[in-house]
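The values are calculated or read from the model by the stated rules, or taken from the named source; none is laboratory data. Everything numeric in this text was worked out from a predicted model, so none of it was measured. Backbone-built Cβ (ideal geometry, glycine too); neighbour counts: all protein chains shown.
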Amino acid sequence: MKKIYVLSAVIAALMAANSAEALDSTGCGLGSMAWRGQSGIAPQVLAVTTNGTFGNQTFGITFGTSGCDPNGRVTGGTQKMVFSFIENNMEQYALDAARGEGETLDTLAGMLNMDKAEFAKLSQQNFAAIFPNGDVDAIYVTQQIFAIMKA
């Protein structure tokens, strides 16, 4: 039994290694809540292991607890969805954010379940924080979008 947990942790660590520096990949559940805000492989493995060991992620999805949404879509998470969109549309998002209007802003607002005008305003007001230089990548831009939304 102990070997199964160790093997599961190793597999989870290997899978998380590809996205550890990018975005949260643990989903919802008690483990995800306990290690929220921490980055790196170890906290992600601990979060996934806690969720899997106690089965609280399934309970959370069923009853809407532990940060889970029973009406949510299976998308890989909002952050991953936004990251994928930004990765493919970052230049156009930068142009639209600078202007404060455009299709990419409308699309992102929909993904984030935000008012389009409010999201466009936030993107324009925080353009310098989202794009501090020409060398930013999609990970940084996505993280900035979520940081601005939380503020």
Problem set entry | Single residue of region 80-101 satisfying the filter (surrounded by fewer than 17 Cβ atoms within 10 Å (Cβ to Cβ) and small (Gly, Ala, Ser)) that is farthest from Glu118 (Cα to Cα) | Ser84
Problem set entry | Test: Met81 is within 30 Å of Asp135 (Cβ to Cβ) and either outside the structural domain of Ile139 (by TED's automatic domain parsing) or modelled with pLDDT of 80 or more (or both) | yes
Seminar exercise, completed: Flagged in region 120-140 as within 17 Å of the chain's Cα centre (by Cα), at pLDDT below 95 and not acidic (Asp, Glu), in numbering order, are Ala138, Ile139, Tyr140
Exercise. Asn113 fails exactly one of the following numbered conditions: (1) part of a helix (DSSP H, G or I); (2) at pLDDT below 90. What is the number of that condition?
Worked result: (1)
